[in-house]
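Scroll down for the structure; my scribbles are underneath it.
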Amino acid sequence: MSLQYPDFNHTLPDKIIHSRVRLAILSALAHSEEVDFSSLKAAVGTTDGNLSKQIEQLEKAGYIASHRITAGNRKQTTVALTNIGRTALLNYKSLINRWLSFE
């Protein structure tokens, strides 16, 4: 019996997004215009160091943009999904939905 479904090639998912933490970050950001670092860390459930590393990788890919501001003596980082990131996330979602569309 041959498959009559979408291409299930394991190399198709975006390698940047196909990480649990990065997928969680992008998904959280898709629900807001901009999120501060502390709120994003709480939403994703990871450490400061891991979140920083993942943000760096997503920024390098152009999927997110971060802004660092100083308010008084306090530095704050906010993160937002870019148009490129939103498109990549939607494409990823579409692929996974095709893969999981079975009954």
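The values are calculated or read from the model by the stated rules, or taken from the named source; none is laboratory data. Since we're looking at a predicted model, the values are computed, not measured. FYI the Cβ positions are ideal-geometry reconstructions off the backbone, even for glycines, and counts take in every protein chain you see.
Within the range 65-103, which residues are within 12 Å of the chain's Cα centre (by Cα), aliphatic (A, V, I, L, M) and closer than 16 Å to His18 by Cβ?
Once the filter is applied, which keeps residues that are within 12 Å of the chain's Cα centre (by Cα), aliphatic (A, V, I, L, M) and closer than 16 Å to His18 by Cβ, the range 65-103 yields Ala88, Leu89, Leu90.
Inside the range 56-103, can you point out the residues that are loosely packed, with under 10 Cβ neighbours inside 10 Å and either in contact with a Leu (Cβ under 9 Å, 6 or more places away or on another chain) or modelled with pLDDT of 95 or more (or both)?
Asn83
Just a yes or no: is a residue in the range 69-79 on the phi > 0 side of the Ramachandran plot and not β-branched (Val, Ile, Thr)?
There is at least one residue in the range 69-79 that is on the phi > 0 side of the Ramachandran plot and not β-branched (Val, Ile, Thr).
Tell me, which helices (runs of 4 or more DSSP H) wholly within the chain include 1 or more residues that are in contact (Cβ under 8 Å) with a residue 40 or more places away in the chain and among the hydroxyl-bearing types (Ser, Thr, Tyr)?
20-29, 83-99
As an exercise: evaluate Asp14 against (1) modelled with pLDDT of 95 or more; (2) under 27 Å from Ile69 (Cα atoms); (3) surrounded by 13 or more Cβ atoms within 10 Å (Cβ to Cβ) and give the number of the one condition it does not meet.
Here Asp14 meets the rest and fails (2).
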